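Visitor: Pasting a structure below so you can have a look.
The values are calculated or read from the model by the stated rules, or taken from the named source; none is laboratory data. These numbers come from a predicted model, not from an experiment. Cβ sites come from the backbone with ideal geometry, for glycine too, and all protein chains shown count toward neighbours.
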Amino acid sequence: MVQKSFFRKVAFGINPNEEVPANPLSWAQGQVHNTPPLTWEGLLPEQKKLRRNHALRDEKYDKLEKKFKNDNDAFLEAEENLNFEVGTNYYEALEINIRHHAAIHSGSPVFERLLWFWANHFAALETANPWFGFTGEYHRNVLRKNLTGSFAELVTAATTSRAMIESLDNSDSVGPNSIQGRKSRKQNKIVSINENHARELLELHTVSSKGGYTQQDVINLSKIMTGWQAHDNEPVKFNQRIHEPGEHIVFGKGYKQKGTNSKNKLLDVIPDLCARPSCREFIATKLCRHFICDEPTKEMVRPIVEEWEKTDGYLPSVHSALLEVIYHHNNNYKKFLNPEIWLVQLANMFDLNYPIEEKLMNHNFSSYPRLQRRIIDILEQIGHNPYRPRQPNGWPDTELEWVSPELIARRFQYPIKLMQFPTYKRRFPATDLNTIFGNNYENSEEIISYISKNNFDMDEFAGAVKTFAATGWSMYA
Amino acid sequence: MTFNRRQFILGSTTLTMLGSPLFSARASRLNKRNLIVVILRGGLDGLAAVPPKDRLLQKARPDISSKSVIKLTSDFSLHPELKTFHKLWKDNQAAVVHATNIPYTDRSHFEGQDVMETGSTTPYASDTGWLGRGMESAELAGLAVSLPMPLLLRGNIATDNFFPASQEAPKLFNNIVSASLETFDKNSYAYSAIKQLSERPQSMIWDIGSKRDAANLSKIAARQLIREDGPRVAVFDINGFDTHSGQGSEDGELAEHLSEFDSVIKNLKEGLGSEFSNSLIISLTEFGRKVEQNGGSGTEHGYGTAILMAGGLVRKSEVISDWPGLKRKDLFEGQDLNSTIDSRAVYCSAMAACFDVDFDYMRRKAFWGDNLPNLTDKLFKI
């Protein structure tokens with residue numbers, strides 16, 4: 001009999017209004033075949049709109065700098081108003097609300113957990129192009145829509161996305177023998193490729209550092225990638241003028257242009273990288289590490305790798321195989337939950353009024369979106385804003401990385417903020433703790449007795465959430 | 001075999017520290033010396049921070065060579081943003097080790113940072129850091145000024161970390177923390193972290209402020225370091241040295257981050273007061289950057305770089321280097337400044353000097369006895 005921790009390993013626990021699924025594995029596997037529709041009824045900004053606001057800010061900012069050259073105070077005030085107007089600080093907050101809304105209200109929490117995994121695997125950094133919510137938009141419009149095809153298709157979509165190209169500087173990469181490169185060199189300008197994106201495509205996204213590639217492979221893949229640009233406020237386009245012409249060899253195989261432009265070179269090399277054994281080994285292990293335990297065993301990884309081989313990395317099949325592995329190993333392993341999953345799980349298990357509802361998320365674009373930023377502010381404080389990992393390798397998956405004294409202190413300190421939501425109302429009398437813990441734990445009596453012993457809050461329900469949040473039961477699945 | 005005093009102390013006090021992790025018996029007997037490591041993440045361009053006088057460099061970097069560098073010696077200059085560093089240099093309290101790196105040449109940030117923090121020669125081979133092991137063997141406590149615990153400090157159970165939060169700790173914080181221990185597996189990492197938290201002094205729980213800029217963080221760190229029973233080691237993280245584009249010269253990405261580093265030095269100097277003379281600030285990065293700039297006014301991942309050191313424990317102001325040169329044949333793989341000094345020798349010597357232990361003892365405990373030259377007398381006052 002699978003323990004209820006399964007629902008917290010693959011989803012966000014069971015909400016007190018839900019039935020506990022009678023067949024947990026088929027419940028989970030039923031969620032991986034189609035992309036569930038978003039249930040968020042508020043604003044869903046498109047990239048074009050974000051780019052326009054970004055451009056508007058650049059343009060007006062330059063004008064303000066000139067206008068208030070000699071009056072710094074006036075400049076700062078004008079800048080602040082400009083930021084309100086274009087939604088700086090707002091869109092990222094909106095995206096997190098959409099993300100958490102889907103986690104709790106879509107009815108497909110397993111799909112959302114898988115999306116969170118991939119969004120972290122293909123980590124784009126909001127800081128590369130900050131404050132406009134491009135990262136959340138990328139998760140929602142690029143990654144979310146590519147989880148029901150092959151892994152190679154997902155890699156292609158991520159690699160050619162604006163967010164990734166911006167994060168890894170590919171727009172700056174110019175082939176020395178390209179049309180533009182030759183012209184610049186004649187004018188004695190230095191022209192070169194930028195290896196950043198190609199290196200991470202190999203190391204982080206596909207074959208991993210154990211994949212056996214050489215520095216020459218990195219250089220050649222960089223050359224293949226020249227031309228994929230997302231300059232300034234433009235959409236992604238392939239710019240043949242800066243693309244390095246000719247054939248380039250990666251892992252011993254040559255890639256050259258077919259047809260009128262060289263776009264195909266990147267599109268051809270990606271499936272070959274994805275088909276390498278080191279790629280499926282790497283990803284299968286990482287999936288197990290994220291969902292089951294810090295040190296996955298060969299027995300966990302093997303069935304996923306086999307399914308990958310059989311289906312050429314068809315993601316619904318790979319995800320199904322993964323869920324079966326989690327199911328089989330669930331009772332023998334405990335997984336430490338990262339701060340964001342822990343937070344959303346608390347909100348879901350206690351059925352808090354979470355996240356902020358659609359109409360409260362609307363913004364007047366003339367003041368600081370303080371209320372709208374509540375969730376993103378909490379996430380920053382508990383050390384885990386999913387749009388802002390420090391580096392392109394994303395947030396870590398192991399307990400050791402998440403348990404510094406200070407990071408743990410934050411989990412004791414911030415659940416109170418969940419109780420201070422403008423929409424918070426106590427929905428349950430304390431007796432419903434039986435339902436809440438009964439749905440999610442085998443040892444609910446022990447948990448309730450611990451809470452009653454250590455809850456010193458005036459508000460019994462809020463106190464129960466806070467006390468429970470500071471225990472090992474909430475932090476592991 | 002002579003039984004030396006330092007080893008005797010190390011051998012005899014292991015148990016004491018278990019009872020009192022923040023203030024071991026050994027720590028109480030030593031003259032207080034502080035070691036502050038500043039991690040410059042992303043790969044510091046040593047050639048821009050401390051540029052050698054060489055026309056080849058200007059030629060390779062027409063767009064990113066600063067014209068207003070500060071002259072240090074006949075052969076080397078300093079980036080203009082390192083103003084405090086330069087002041088200290090004039091007082092014999094700052095030095096540079098150049099053309100140095102950890103023994104890692106594969107140009108991946110993540111592998112490079114792993115190696116720089118573990119002190120191993122292969123990536124992902126150790127789950128503890130050289131500084132953590134060094135402190136553990138010297139029975140000293142430390143403090144990381146960051147939200148996560150850097151790998152560099154792992155391996156030492158007496159290390160706390162802090163970072164300013166947006167709100168105060170809840171009432172009865174210590175009670176909540178202590179109560180929760182019973183809900184964790186005693187063998188888990190989380191349990192150890194909570195145990196450490198439960199022993200956090202009140203003065204630290206309430207001394208956090210809310211500003212998270214380097215200036216405020218370095219002030220708080222200084223306040224903890226000067227406490228008689230406070231930590232002896234502090235670690236800072238500064239991100240943003242991966243200057244693939246817009247690296248700039250006097251202004252730009254690199255200038256901005258070097259200025260942040262300089263402000264850490266400045267605030268520590270002010271905050272430590274007279275204790276600055278018993279302190280050493282030392283930089284750490286995963287690799288340097290290619291000699292030639294790229295097309296985006298930036299630089300690609302390279303190999304050799306520079307270590308910047310400041311504080312009263314620096315022996316004298318000088319650039320210590322076995323300079324390999326910048327001619328193509330002298331470069332690593334024809335592209336990068338070479339490394340002629342294994343930087344682990346510098347860090348091992350720094351720990352020996354600051355922790356008052358034998359270099360060889362430290363080499364065995366922190367670097368698995370790897371063959372590293374003893375630079376303690378050459379670099380530091382002991």
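Visitor: Using the structure shown, decide if A:Ser209 is assigned to a loop (DSSP other than H, G, I, E, B), at the interface with chain B (Cβ under 10 Å from one of its Cβ atoms) and either of a type in the set (A, V, I, L, M) or out of contact with any Gly (no Cβ under 7 Å at 6 or more places or on another chain) (or both).
Guide: It is true that A:Ser209 is assigned to a loop (DSSP other than H, G, I, E, B), at the interface with chain B (Cβ under 10 Å from one of its Cβ atoms) and either of a type in the set (A, V, I, L, M) or out of contact with any Gly (no Cβ under 7 Å at 6 or more places or on another chain) (or both).
Visitor: Show the residue pairs that are 6+ apart or on different chains and have beta-carbon atoms under 6 Å apart, the first residue being within the range B:323-349 and over 18 Å from B:Tyr361 (Cα atoms), the second being of a type in the set (Asp, Glu).
Guide: B:Pro324/B:Asp330; B:Leu326/B:Asp54; B:Thr340/B:Asp322
Visitor: Here's a follow-up. Under 7 Å between Cβ atoms, at least 6 apart or on separate chains: pull out the pairs that start in the range A:194-212 with a residue that is under 11 Å from A:Leu273 (Cβ atoms) and end on any residue that is outside any helix (DSSP H, G or I) and among the charged types (D, E, K, R).
Guide: Between residues of the range A:194-212 that are under 11 Å from A:Leu273 (Cβ atoms) and residues that are outside any helix (DSSP H, G or I) and among the charged types (D, E, K, R), the close pairs are A:Val207/A:Arg276; A:Gly211/A:Arg276.
Visitor: Would you please name the residue that is nearest to A:Tyr441 (Cα to Cα), looking only at residues in the range A:14-26 that are in a helix (DSSP H, G or I) and touching a residue at least 60 places away in the same chain (Cβ under 8 Å)?
Guide: Checking each candidate, the answer is A:Pro24.
Visitor: Does any residue of the range A:41-48 turn out to be touching a residue at least 60 places away in the same chain (Cβ under 8 Å), part of a helix (DSSP H, G or I) and surrounded by 14 or more Cβ atoms within 10 Å (Cβ to Cβ)?
Guide: Yes, the range A:41-48 has at least one match.
Visitor: I would also like to ask the following. Report whether or not A:Gly136 is surrounded by 23 or more Cβ atoms within 10 Å (Cβ to Cβ), assigned to a helix (DSSP H, G or I) and touching a Leu at 6+ places or on another chain (Cβ under 8 Å).
Guide: Yes: the conditions hold for A:Gly136.
Visitor: Examine the range A:13-27 for a residue that is acidic (Asp, Glu), within 27 Å of A:Asn338 (Cα to Cα) and out of contact with any Gly (no Cβ under 8 Å at 6 or more places or on another chain), and state whether such a residue exists.
Guide: Yes; the residues of the range A:13-27 include at least one that is acidic (Asp, Glu), within 27 Å of A:Asn338 (Cα to Cα) and out of contact with any Gly (no Cβ under 8 Å at 6 or more places or on another chain).
Visitor: Here is a list: B:Gln247, B:Gln167. Which entry is in a loop (DSSP other than H, G, I, E, B), of a type in the set (S, T, N, Q) and at pLDDT below 85?
Guide: Being in a loop (DSSP other than H, G, I, E, B), of a type in the set (S, T, N, Q) and at pLDDT below 85 holds for just one of B:Gln247, B:Gln167, which is B:Gln167.
Visitor: Which one of these is over 27 Å from A:Gln47 (Cβ atoms) and aliphatic (A, V, I, L, M): A:Ile219, A:Ile224, A:Ile193?
Guide: On inspection, the qualifying residue turns out to be A:Ile219.
Visitor: Identify all residues within the range A:212-230 that are assigned to a helix (DSSP H, G or I) and modelled with pLDDT under 95; write none if there are none. Can you show your working first?
Guide: Of all residues in the range A:212-230, those assigned to a helix (DSSP H, G or I) come to A:215-225.
The one that is assigned to a helix (DSSP H, G or I) and modelled with pLDDT under 95: A:Gln215.
Visitor: While we're on this one: Got at least one residue in the range B:218-232 being surrounded by 18 or more Cβ atoms within 10 Å (Cβ to Cβ), under 30 Å from A:Ser184 (Cβ atoms), at pLDDT 90 or above and within 18 Å of the chain's Cα centre (by Cα)?
Guide: Looking through the range B:218-232, none of the residues is surrounded by 18 or more Cβ atoms within 10 Å (Cβ to Cβ), under 30 Å from A:Ser184 (Cβ atoms), at pLDDT 90 or above and within 18 Å of the chain's Cα centre (by Cα).
Visitor: Please tell me if A:Leu202 is of a type outside the set (Val, Ile, Thr), under 30 Å from B:Ala60 (Cβ atoms) and in a helix (DSSP H, G or I).
Guide: For A:Leu202, the condition - of a type outside the set (Val, Ile, Thr), under 30 Å from B:Ala60 (Cβ atoms) and in a helix (DSSP H, G or I) - is met.
Visitor: Quick one: would you say B:Val96 is within 30 Å of B:Gly230 (Cα to Cα) and at pLDDT 90 or above?
Guide: yes
Visitor: Next up: Please give the number of the condition B:Leu225 fails out of (1) within 13 Å of chain A (Cβ to nearest Cβ); (2) over 27 Å from A:Ile242 (Cα atoms); (3) not small (Gly, Ala, Ser).
Guide: That leaves (1) as the condition not met.
Visitor: Right, something else. Quick check on the range A:136-169: of everything there that is within 14 Å of the chain's Cα centre (by Cα) and basic (Lys, Arg), which residue is farthest from A:Pro392 (Cα to Cα)?
Guide: A:Lys145
Visitor: Still on this model: Can you pull out the residues in the range B:50-91 that are under 29 Å from A:Arg185 (Cβ atoms) and of a type in the set (A, V, I, L, M, F, W, C)?
Guide: B:Leu56, B:Leu57, B:Ala60, B:Ile64, B:Val69
Visitor: With A:Pro271, A:Pro235, A:Pro245 as the choices, which residue is assigned to a loop (DSSP other than H, G, I, E, B), touching a residue at least 12 places away in the same chain (Cβ under 8 Å) and within 25 Å of A:Ala163 (Cβ to Cβ)?
Guide: A:Pro235
Visitor: Of all residues in the range B:111-161, how many are touching a Phe, Trp or Tyr at 6+ places or on another chain (Cβ under 9 Å) and assigned to a helix (DSSP H, G or I)?
Guide: Looking only at that region, the number is 15.
Visitor: Taking the range A:378-420, which residues are within 7 Å of another protein chain (Cβ to nearest Cβ), of a type outside the set (Val, Ile, Thr) and in a helix (DSSP H, G or I)?
Guide: A:Gln381, A:Glu399, A:Leu400, A:Glu401, A:Pro405, A:Glu406, A:Leu407, A:Ala409, A:Arg410, A:Phe412, A:Gln413
Visitor: Within the range B:155-175, restricting attention to residues that are surrounded by fewer than 23 Cβ atoms within 10 Å (Cβ to Cβ) and within 8 Å of another protein chain (Cβ to nearest Cβ), which residue is nearest to B:Thr285 (Cα to Cα)?
Guide: That would be B:Phe163.
Visitor: Just to be sure I understand, how many residues within the range A:347-372 are surrounded by 22 or more Cβ atoms within 10 Å (Cβ to Cβ), of a type in the set (A, V, I, L, M) and in a helix (DSSP H, G or I)?
Guide: Residues that pass the stated criteria total 2.
Visitor: Can you find, within the range B:176-190, the residue that is nearest to the other protein chains (Cβ to nearest Cβ) among those that are surrounded by fewer than 18 Cβ atoms within 10 Å (Cβ to Cβ) and not in a loop (DSSP other than H, G, I, E, B)?
Guide: My answer is B:Ala179.
Visitor: Within the range A:428-466, which residues are more than 13 Å from every other protein chain (Cβ to nearest Cβ), surrounded by fewer than 18 Cβ atoms within 10 Å (Cβ to Cβ) and modelled with pLDDT under 90?
Guide: Those that are more than 13 Å from every other protein chain (Cβ to nearest Cβ), surrounded by fewer than 18 Cβ atoms within 10 Å (Cβ to Cβ) and modelled with pLDDT under 90: A:Phe428, A:Pro429, A:Ala430, A:Thr431, A:Asp432, A:Asp459, A:Glu460.
Visitor: Would you be able to say whether some residue in the range B:312-325 is in contact with a Gly (Cβ under 7 Å, 6 or more places away or on another chain) and part of a loop (DSSP other than H, G, I, E, B)? Can you show your working first?
Guide: Pass one, the range B:312-325, residues in contact with a Gly (Cβ under 7 Å, 6 or more places away or on another chain): none.
Looking for residues that are in contact with a Gly (Cβ under 7 Å, 6 or more places away or on another chain) and part of a loop (DSSP other than H, G, I, E, B), one finds none in the range B:312-325, hence no.
Visitor: Here's a follow-up. Of the residues that make up the range A:314-329, is at least one more than 14 Å from chain B (Cβ to nearest Cβ), touching a strand residue (DSSP E or B) at 6+ places or on another chain (Cβ under 8 Å) and within 21 Å of A:Leu115 (Cα to Cα)?
Guide: yes
Visitor: Can you say whether A:Gly254 is of a type in the set (Gly, Ala, Ser) and more than 13 Å from chain B (Cβ to nearest Cβ), as far as the supplied structure shows?
Guide: yes
Visitor: Is it true that A:Val191 is hydrophobic (A, V, I, L, M, F, W, C) and in a loop (DSSP other than H, G, I, E, B)?
Guide: It is true that A:Val191 is hydrophobic (A, V, I, L, M, F, W, C) and in a loop (DSSP other than H, G, I, E, B).
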